[in-house]
Amino acid sequence: MQNMADKLLTRYEELKAQVNFHNYRYHVLDAPIISDLEYDRLLNELKKIETDHPNWITPDSPTQRAGARPADRFEKIRHPAAILSLANAFGADDARAWLERVKKLDDRVEKAKFVVEPKIDGLSVVLHYRDGMFVQGATRGDGEVGEDITSNLRTIRTIPLKIPVNSELVIGNSRSAQLPSTNYQLPKYLVVRGEAFIPIKEFDELNKKLEEAGEKTYLNPRNTAAGSLRQLDPQLTASRPLTLLVYQIVHSEGGKVPTSQWEILEYLKALGFPMADVAKRFNDLDSAIAYTETWNEGRDKLAYEADGMVIKIDDLNLAADLGFVGKDPRGAIAFKFPAREVTTTLNDIGVAVGRTGVLTPYAMLEPVEIGGVVVERATLHNFDFIAEKDIRVGDRVLVKRAGEVIPYIIGPVVDARSGKERKYKPPTTCPACGQAVEHFEGEVAWYCVNAACPAQLLRNVEHFVSRGAMDIVGLGYKIVEQLIEAGLVKDVADLFTLTKDQLLELEGFADKKAENLLKSLEQARAQSLNRLIAALGIHGVGEVTAGDLARAFGDLSALSKASAEELQLIEGLGPNIAESIVDWFSQSANQKVLKKLKAAGVWPEMQKSEVRMQNGALSGFTFVVTGTLPTLSRDGVKEFIESNGGKVIDSVSKKTSYLVLGENPGSKFEKAKSLGINIISEDELKKLAG
C-alpha cells in the first residue's frame, strides 16, 4: 500500500510540473505543444489526486492560483533592496546629455553597451522565490515598502509558481545548457521585478463585455490593472485578463546570477519568466536611440500600453558604481514617447449625422497638442457613453490619440470640476433636417429615419439602386453623387423623374449613356414589392424581412397602415423592428417620398394568392406542429396557417396558442400537456380556420 501511495505522490509531482510547464507554453510563449483536450485531462487528473489527498497540496500547484479567501487588508512588506524609479529623457538630445554626464563619473562608460526595453505602462510588482517556489509578491509602494498582494499575483497565469518552469532545468548547483551560461546557478532566494498590465486587446474585450452587460467600463488599461491587483478578493483579480513581463533581479542569495542586463533577461527567460520580445542590446548609444525612436510611431504594434523605452547600461557592476541621483539610478534613463493622453476643456458637444442616419456626438475642445498634432475635436462614441461617464460641457476631460486613430474622450477629470459644468441632453431632432430622431430599446444608437435627410441622401440613394434592392444598372456611386450635387435628386423618388436633357447636361453623359440609364430606371418600375421595401432603407429591414412584409401585406399602402402588434405576428419580427417600420412610415418626409414613387408608377403589388391574410380566422394565434399529419406536409400546414393569418413557431411556450398534433409526436407534445396548451388535430385546425 505504501508503495502505491509513493507512486501516486510521484505522479502528483509529475502532473504539477507538466501542467505548470504547459501553462508556460500556452500563456507565456503562445506556443502550446499539446491540445486543450490533453491539457484538460492532465489538469483533471491532478485535481482528482488533490481531492483524494488534500494534505498533499502545495503552493506551486496550478490549482492554487485563485484559491485564497478575501483579505481584510493588505500587509506591508519591506523590499530587500530599493525599487527605484527612472529619470526621463524627452528626445535624443536629452539621452545624449545623460550619457555625457555619466561619462564624467566613470571612464568605463565610454565603451559601454546598452540594452533597450519597453517602458510598460502598468503596475510595478516584486516577486519572491525560495528554493524555486513563489512565496510572496508585493506592489512597489514607495520603493522601500510595498503591499502584500501574493494571493492576487498567484492568479496571473504568466507568473511561474515554481522555477525553472521547464523540468529539464534543475534547481541548485546543477547546470543546464538552456541557461545563458553554465556559470549561473539558481539562488536559494531570488527576488525579481516586473510590470503587471492588461494587454490592449484584452482590455478592449473586457470593456465590450462590461458594456454589453450594462456595467461600468474602465478608462484605461493601467488603472484597471492597478485596481485589479489591489482587490481584496483574489477571485475578482482572477477574472481580469492580467499578465506580466519581468526585467530585473532585485536581490539573490545562495547562487550565481549574471552581471549583464542582457544576460539577466536571457537568464530569467530560461527560468520561465515572461520577457519583452522587443528588447535589444546595442554597442553604442546612438544605435540604441535610433532603435528607440522607431517605436515612437511603431508603439501601436505593441500588445500593451507603453509610454517610452528604457535605455540601460548593460554592465550592471558599472551601473551600480555610477550610483544615484535622489531615487533615480544613473545607469539607466527612460526615453519617453510624445504624450498621447492629455487633459483639456470640453467647450461643447456637437452631433454629426452619418450616412446610415446614426447620430454621433463629438467633443469640441480647447485646442491641445497630442503626439505632435493639435487636436480641437474628438469622438464621444455615443450618447450612452456620455451619460455613463457623466461627461459635462465645461469639464476637464482626458483625451487620447493613438497613432493615426481619431482622438477620443476617455472620461472627465471629476476632481477638476468647479460647479459651472452643465449636463448634456441628447438632441430630439436631427441637426441636418430637423426631423424627430428615433431610439430603439436595447440599442445604443439614435437614428434619423428621414429618407430625404440631406446628411444621408447619398447613402440612401446608393442603397436604393444597389443590386440587393432595386438593382438599377448604370447608377454607380459617382453618378449618384453627380445627380445630387446638380440638385436633380433630393430623394430616391426623384430618380424616376429624370429626363434625357437633364442627364446630357452632366459631365461624362452622351446620348447612349443617358438612354441606357433611363432604360434601367424604366425597368426598375417593374421590380417586385419585396425589392422596393428593402430599397427604402428602413432600419432593421433587410431582404428576408422585406419578403415577409411583402407577402403579409401585399402593397405599401397596407404596410404603411400596419400597427406594431400586427407586424409582430410575422415570424421572427420583434418589437424593435416593428417599431422601426411604424416610425418610418409615420414620418411626413417619408410619406412624401412614397406619394412621389406612386405618382411615378413605382408601386408594385403582390398577387392576391401570394398575400397572407393578416385578419384571417387564425390571426393573433401562434401554432406549434408536431408529428406527421394525415394530409398536410410540414410546409403545407405552415402555409395553411400563415395564409389564414396565424403564426407558426418552432418551440412550445406559455405563449403558444395551439399544438397541432400528428402521429409519432416528439417531446413538444409532453411539454404542451404540462403547460396546459390547447392540443388540436389537423381536422380541428381546418375547422378553426373556417
Complete set of residues in the stretch 183-222 that are of a type in the set (Val, Ile, Thr), under 23 Å from LEU153 (Cβ atoms) and part of a loop (DSSP other than H, G, I, E, B)
ILE198
For SER528, are the conditions met, namely being in the same structural domain as GLU481 (by TED's automatic domain parsing), among the small types (Gly, Ala, Ser) and touching a residue at least 60 places away in the same chain (Cβ under 8 Å)?
yes
Set GLN231, GLN235: member being modelled with pLDDT under 90 and part of a loop (DSSP other than H, G, I, E, B):
GLN231
Taking the stated definitions as given, is ALA334 touching a Gly at 6+ places or on another chain (Cβ under 6 Å) and either at pLDDT 85 or above or in a strand (DSSP E or B) (or both)?
yes
Taking the condition modelled with pLDDT under 85 and touching a strand residue (DSSP E or B) at 6+ places or on another chain (Cβ under 6 Å), does ASN55 pass?
no
Could you say which residue among GLN248, GLN261, GLN235 is within 30 Å of the chain's Cα centre (by Cα) and not hydroxyl-bearing (Ser, Thr, Tyr)?
GLN235
Could you check, for the stretch 573-586, whether at least one of its residues is of a type outside the set (Phe, Trp, Tyr), within 30 Å of LYS490 (Cα to Cα), surrounded by 14 or more Cβ atoms within 10 Å (Cβ to Cβ) and touching a Gly at 6+ places or on another chain (Cβ under 6 Å)?
yes
Answer yes or no: is there a residue in the stretch 658-668 that is over 45 Å from the mean Cα position of the chain (by Cα), outside the structural domain of CYS433 (by TED's automatic domain parsing), surrounded by fewer than 14 Cβ atoms within 10 Å (Cβ to Cβ) and farther than 30 Å from LEU498 by Cβ.
yes
Filter result (surrounded by 18 or more Cβ atoms within 10 Å (Cβ to Cβ), free of Cβ contacts under 8 Å to residues at least 60 places away in the same chain and out of contact with any strand residue (DSSP E or B) (no Cβ under 8 Å at 6 or more places or on another chain)) within the stretch 244-303
LYS269
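This table checks each residue for (1) of a type in the set (A, V, I, L, M, F, W, C); (2) part of a helix (DSSP H, G or I).
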residue	(1), (2)
SER580	no, yes
PHE585	yes, yes
ALA589	yes, yes
VAL593	yes, yes
PRO604	no, no
PHE623	yes, no
GLU639	no, yes
GLU642	no, yes
List pairs: first residue in the stretch 470-494 and of a type in the set (Gly, Ala, Ser), second residue part of a loop (DSSP other than H, G, I, E, B) anywhere in the structure, Cβ distance under 7 angstrom, at least six positions apart or on different chains.
ALA486/LEU506; ALA493/ALA600
May I ask you to list the residues in the stretch 22-37 that are farther than 20 Å from LEU271 by Cα, loosely packed, with under 13 Cβ neighbours inside 10 Å and modelled with pLDDT of 65 or more?
SER35
Just need a number here: residues in the stretch 291-327 that are under 22 Å from ARG101 (Cβ atoms), in a helix (DSSP H, G or I) and among the charged types (D, E, K, R).
2
Residues of the stretch 261-290 classified as closer than 15 Å to ALA95 by Cα and not in a helix (DSSP H, G or I), total
2
Name every residue in the stretch 281-290 that is within 11 Å of MET309 (Cα to Cα) and either of a type in the set (Lys, Arg) or not assigned by TED's automatic domain parsing to the domain that holds GLU100 (or both), in order of residue number.
none
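The values are calculated or read from the model by the stated rules, or taken from the named source; none is laboratory data. Keep in mind that what you see is a predicted model, and the values were worked out from it rather than measured. All Cβ positions, even for glycine, are placed from backbone atoms using ideal geometry, and neighbour counts span all protein chains on display.
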